[in-house]
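Visitor: Would you mind keeping the following structure in view while I ask a few things?
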Amino acid sequence: MKIRYKIMLLFTLLVTAIISLLTGSVYYFAKLERKQVFQKRLKARATYNTQLYAIMGDSGLHLLRRIDSVSLIGATVSRSIGMFTDDGRVLYRFDLPGTKPLNIGKDILDEVRVKGEKSFSLDNREAVAIHRNAGKRDFIVVVAGHDDDGIERVETLNKILLISLVLGVCVTAFISFLFARQLLRPITQIIREVKQISSFDLSQRVRAGTGQDEMSQLGNTFNDLLSRLQEAFAIQRRFISNASHELSTPLTSVSSQVEVILQKDRSADEYKQVLNSVREDVHQMRQLTKSLLEIAKTGSQGGIELNEVRVDEVLMKVVGEVKKGNADYNVELDFGEFPEDEKDFVVFGNSELLYIAIRNVVENGCKYSPDQRSVVDLSFAYHKVFVKVVNHGTVISADEITQIFQPFYRGATTGQTRGFGLGLPMAERIIALHKGTIHVVSDPSNGTSFTIELPAIKIFN
């Protein structure tokens, strides 16, 4: 069932329930009010007969019959009046023609004598009985009748309420249909526009409007999502293109060298020279493939094992491995004052990935500095861990700072230094997975500094 019809159905049911409750209440209280009014009228007639008999005694019975013969109790056309002694003997009884005779059981008379008065039903008629004392004689007056006019008015009201209920439900259903259609029109428009967007053209956007309501927010959310998808697809295409180019370069070199060496017989030194060149190209492809696998691993947080990691231990491992990998590299490590709470210098993450990220930054500093030197400073503040890597290589321009974290990007000043342009993008992804940030500042006087900011584990407690 479409949501439009669900809204219409729920709205109609809700309004129907409210209208039914109101009409039912009106009918109930109208019926109750009719009964109370009619019983008051019956009681008033019984009281009148009681007073007349109490004043005139048996001589007043003839007058009562004359009065009852020529008068009606308001709209009551089915009426019976009776007067009885305490032992049940009939003193007076009057029944309109066509009315069932008034027969009162002894149990009712006994109850009236005890209570003084009683309202009850008798042969589908409403009745009121009153006990009175006239001198030395006790007697009971009973008046019974059928409120034809009152019941007819209540039934007419009931019909009007039922018709109003049916009309109200129909009008409500129609209005709710229009309301649901109007309410869901922006969503229908967004669905139609989103269906027209494909992965080949993510530049289209849905019309979000300029309002601040939920529909405008939904449209803006879709547009933000499309912008992120468009950027992700663009990055993916560039990545694939650059990866293909980087992989094809050593493969082309290997293929060309093999084809040339096979054109004719060569000396042992020439074969050895070509094989050494091929080995370098294969080593380059191996390093590139390893880097691609590592950067792919950082693309999903779900498959990463996270634990408590001491950053100082990671840094000491980085320093040792960097020097081990290249003896010409010089890395200086400076630890600031450690906080008293151990949780302020422990982060929640993956030690191996953090090692890869920091090592890439440190190796880049050594690789692109004339003195092949990087200074690593570890500090703590505001429940955060700061790792600052400083080198005095060529200054990075402001335009290039925004590009160096793109895969395969290599700055204009890298010269003949070998590399793939994957180290910094990989480091940024790893730091982001650890809910951290990396900032770059470069100027001629202070050199280039990469500041890695990671939240300490205390923030999460």
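Visitor: I'd like the accessible area for Arg310, computed on protein heavy atoms only with a 1.4 Å probe and all protein chains in place. Round to 10 Å², please.
Guide: Accessible surface of Arg310 is approximately 70 Å².
Visitor: Let me ask something else. Please compute the contact order of the chain in relative form: average sequence separation of alpha-carbon pairs under 8 Å and at least six residues apart, divided by the residue count, as a percent.
Guide: So the answer I get is 11 percent.
Visitor: Still on this model: Net charge within 15 Å of Ser69 by Cβ-Cβ distance, Lys/Arg positive one each and Asp/Glu negative one each, not counting Ser69 itself? Walk me through the intermediate numbers first.
Guide: On the way: positive: Arg45, Arg65, Arg66, Arg79, Arg93; negative: Asp68, Asp95.
Charge balance in the 15 Å sphere: +3.
Visitor: Hull surface divided by four, with the convex hull built on the Cα atoms of the range 26-174: how many nm²?
Guide: Computed as one quarter of the Cα hull surface, the answer is 10.2 nm².
Visitor: Shifting gears a bit: Starting from the 7 Å offset along Cα-to-Cβ, what nm value, one decimal, do you get for the label separation of Glu308 and Thr289?
Guide: 4.0
Visitor: How large is ³J(HN,Hα), in whole Hz, for each residue of the range 255-272 in order, when computed from phi with the Karplus curve 6.51 cos²θ - 1.76 cosθ + 1.60 and θ = phi - 60°, using x for Gly and Pro?
Guide: Those phi angles translate into 4, 5, 5, 5, 5, 5, 5, 8, 5, 7, 5, 10, 7, 4, 5, 5, 4, 5 Hz.
Visitor: A further question on this structure: How many times 2.2 N^0.38 Å is the alpha carbon radius of gyration of the chain?
Guide: In units of the 2.2 N^0.38 Å rule of thumb, it is 2.21.
Visitor: Accessible area per residue, 1.4 Å probe, Å², for the chain: what's the number?
Guide: On a per-residue basis, the chain sits at 59 Å².
Visitor: For the range 94-200, count the residues as N, evaluate 2.2 N^0.38 Å, and divide the Cα radius of gyration by that value, please.
Guide: Working: Rg = 32.1 Å, N = 107, 2.2 N^0.38 = 13.0 Å.
Rounded to two decimals, the normalised Rg is 2.47.
Visitor: At Ser25 and Lys343, where each label point lies 7 Å from the Cα along Cα→Cβ, what is the point-to-point distance in nanometres?
Guide: 5.5
Visitor: Continuing with the same structure: Go ahead and estimate [θ] at 222 nm for the chain from helices alone: -39,500 (n - 2.57) per DSSP H run with n ≥ 4, summed, over the residue count, rounded to 500. Intermediate results must be reported in sequence, preceding the final value.
Guide: On the way: 10 runs with 248 residues, N = 461.
So the calculated ellipticity at 222 nm is -19000 deg cm²/dmol.
Visitor: Work out, step by step, the length gained on full extension between Ala173 and Arg205: first 0.36 nm times the residue separation, then minus their alpha carbon distance; give nm to one decimal.
Guide: On the way: separation 32, 0.36 × 32 = 11.52 nm, distance 3.49 nm.
Contour length minus the Cα-Cα distance gives 8.0 nm.
Visitor: Straight-line reach from Lys31: which aspartates and glutamates have Cα under 19 Å away, leaving out those fewer than 8 places along the same chain?
Guide: Glu126, Asp147, Asp148, Asp149, Glu152, Glu155
Visitor: Could I ask something else about it? Where a Cα-Cα gap under 28 Å defines reach, which lysines qualify for Lys6, not counting those fewer than 8 residues away within the same chain?
Guide: Lys195
Visitor: Tell me the carbon and sulfur percent of the accessible area for the chain, rounded to whole percent, probe radius 1.4 Å.
Guide: It is 56 percent, rounded to a whole number.
Visitor: Residue separation times 0.36 nm, minus the C-alpha to C-alpha distance between Thr16 and His439: what's the value?
Guide: Answer, rounded to one decimal: 146.0 nm.
Visitor: Please list 102-115, 254-267, 386-399 highest first by mean number of surrounding beta-carbon atoms within 10 Å per residue.
Guide: The peptides rank, most packed first, as 386-399, 102-115, 254-267.
Visitor: Show me 332-342, 353-363 ranked by packing, highest mean number of other Cβ atoms within 10 Å first.
Guide: In decreasing order of mean packing, 332-342, 353-363 become 353-363, 332-342.
Visitor: Check the straight Cα-Cα distances from Lys264 and name the lysines below 16 Å, setting aside those fewer than 8 residues away within the same chain.
Guide: Straight-line reach from Lys264, under 16 Å: Lys272.
The values are calculated or read from the model by the stated rules, or taken from the named source; none is laboratory data. These numbers were taken from a predicted model, which means no experiment stands behind them. We place every Cβ from the backbone using ideal geometry, glycine too, and count neighbours over all the protein chains shown. When the accessible area is computed, the model is the full protein with side chains, heavy atoms only, and any ligands, DNA or RNA have been set aside. Shrake-Rupley method; radii C 1.70, N 1.55, O 1.52, S 1.80 Å.
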